[in-house]
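What follows is calculated from the coordinates using simple rules that are stated; it is not laboratory data. All values reported here derive from a predicted model rather than from experimental measurement. Note: ideal-geometry Cβ built from the backbone for every residue, glycine included; neighbour counts use all protein chains shown.
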Amino acid sequence: MSQEFDYSHELADIYRLFGDRTRLIMAKKMAEEEWTVSEFVQFFGISQPLVSQHIKKLKTAKLITEQRHGKRILYKLNQEAEHYPLVLKIIDPLTDEKTEEADIETVNA
């Protein structure tokens, strides 16, 4: 297989990962500041196990980092990730407050 073919698979995986609105919004939030699982639970109004599943998928893709502060684990977008510039382009449209509010309403529906 060519390098180009392998890279196209990586890109497809990244786009598939952000095909989920919750992960898309999570990435946007983690680009701005560190978040905990419990903060995401409260923000989205979804269960802790579901938030943890989303975090695990983003961690597996090496798109987020974690830092422990006592019992708290803080997550943020990994600026050292190979696909960090692409992720920023993907989440950029979410800077509009109205778009974000509409997406959150859809997630909570």
Check: Tell me, what ³J(HN,Hα) does each residue in the range 50-59 have, in order and in whole Hz, if you take phi through Karplus 6.51 cos²θ - 1.76 cosθ + 1.60 with θ = phi - 60° and put x for Gly and Pro?
Finding: 5, 4, 4, 5, 5, 4, 4, 5, 5, 5
Next item on the list: Mind listing the long-range amide H neighbours of residue 73? Cut-off is under 5 Å, sequence gap 5 or more, other chains count too, H placed in the peptide plane at 1.01 Å from N.
Entry: 37
Margin query: Under the 0.36 nm per residue contour assumption, what length would be gained going from the current alpha-carbon distance of residue 73 and residue 15 to full extension?
Written below: 18.3 nm
Next item on the list: Compute the label zone of residue 6 within the range 75-91: residues whose backbone N is under 17 Å from the point 7 Å along Cα-to-Cβ.
Entry: 82-83
Notebook entry, point to check: What ranking do 40, 18 get, fewest neighbouring Cβ atoms within 10 angstrom at the top?
Noted result: 18, 40
Next item on the list: Check each of the trypsin sites (Lys or Arg not before Pro) in the range 1-69 and keep only those in coil by DSSP with at most 16 other C-beta atoms within 10 angstrom; list them in order.
Entry: 62
